[in-house]
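First comes the structure, then the notes that go with it.
The values are calculated or read from the model by the stated rules, or taken from the named source; none is laboratory data. These figures come from a predicted structure and were not determined experimentally. All Cβ positions, even for glycine, are placed from backbone atoms using ideal geometry, and neighbour counts span all protein chains on display.
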Amino acid sequence: MDSGKPTANALGGGVLIELPPARIHPTALVERDVRIGPGSSVWDNVHIRYSTTIGQECIVGEKTHISYEVVIGDRVKINAFVYICTAVTIEDGVMISAGTIFTNDRFPRATTSDLRELRTSAPDEHTLPTLVKAGATIGAGAIIGCGLSIGRFGMVGMGSVVTRTVPDFHLVVGNPARTIAYVCRCGEPFARFRPGELPDVAPTACHVCGLRYSAAAGAVSELG
Ligand SMILES: [Zn+2]
């Protein structure tokens with residue numbers, strides 16, 4: 001395990017601060033070849049399997065399981081009781097709320113067809129990747145399907161079952177999850193509508209932070 005050495009991090013105004021080495025709770029189980037960036041915290045009874053990479057200034061909440069060869073970016077918040085399987089990639093600034101479950105096989109079986117042999121648990125042709133793009137939020141208790149992505153600053157409502165790719169800035173809810181709003185970088189919806197309606201939106205400003213957006217055919221554009 002490599003907890004990283006103190007490094008400098010440029011914050012607003014170009015001020016450099018030293019990041020402390022990663023803090024790993026003594027009850028956490030961290031396997032070989034795991035890299036955890038400086039300023040990150042791993043809480044009690046977390047299990048991180050081999051060859052996983054976690055960036056800097058991340059938080060991994062208690063009793064979370066992160067499987068092998070998972071890649072996690074910087075400033076990612078992972079709450080307690082989260083299950084992240086192999087073939088998942090999480091970009092910078094993502095929030096994963098408590099009890100979220102990822103999957104990586106759409107039609108899984110324990111054994112071969114004659115029931116005589118366990119199938120391998122290692123990645124094979126059935127293993128499908130999932131990508132969570134920068135700034136996205138996943139609500140508590142969500143279940144995330146595989147062979148899909150969750151778009152930049154996308155948002156998944158609590159308890160949702162995500163079976164299809166979530167476009168950038170879309171807020172999805174339900175089972176199967178469907179878009180009910182477009183959301184700002186700050187998390188505030190700037191257009192709400194009936195599930196799946198995807199209206200075009202003329203240039204409009206978020207009433208909370210003032211960032212401006214438009215939307216056409218379900219594609220949200222940032223206007224600054
Ligand atoms: Zn906003």
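Quick notes on this one:
- Within region 166-224, being more than 18 Å from residue 138 (Cβ to Cβ) and of a type in the set (S, T, N, Q) holds for 204, 214, 221.
- Qualifying positions in region 205-217 - surrounded by 15 or more Cβ atoms within 10 Å (Cβ to Cβ) and either of a type in the set (Val, Ile, Thr) or more than 14 Å from the ligand (Cβ to nearest atom) (or both): 214, 215
- Of all residues assigned to region 167-175, at least one qualifies as being within 19 Å of residue 90 (Cα to Cα), away from the ligand (no atom under 16 Å from the Cβ) and touching a Gly at 6+ places or on another chain (Cβ under 8 Å).
- Any hit, region 206-223, residues being over 23 Å from residue 74 (Cα atoms), assigned to a loop (DSSP other than H, G, I, E, B), touching a residue at least 60 places away in the same chain (Cβ under 8 Å) and not polar (S, T, N, Q): no
- Filter result (in contact (Cβ under 8 Å) with a residue 40 or more places away in the chain, outside any loop (DSSP other than H, G, I, E, B) and farther than 19 Å from residue 157 by Cβ) within region 111-138: 127, 131
- Among residues of region 142-181, those that are under 20 Å from residue 70 (Cβ atoms) and among the small types (Gly, Ala, Ser), counted: 6
- Residues of region 139-158 classified as in a loop (DSSP other than H, G, I, E, B) and closer than 18 Å to residue 77 by Cα, total: 10
- Top-ranked residue of region 194-204 - restricted to ones that are farther than 14 Å from residue 168 by Cβ and modelled with pLDDT of 95 or more, ranked as nearest to the ligand (Cβ to nearest atom): 204
- Note on region 43-70: among residues that are touching a Gly at 6+ places or on another chain (Cβ under 9 Å) and part of a strand (DSSP E or B), the one that is surrounded by the fewest Cβ atoms within 10 Å (Cβ to Cβ) is 53.
- Residue within region 125-132 that is within 16 Å of the ligand (Cβ to nearest atom) and of a type in the set (D, E, K, R) present: no
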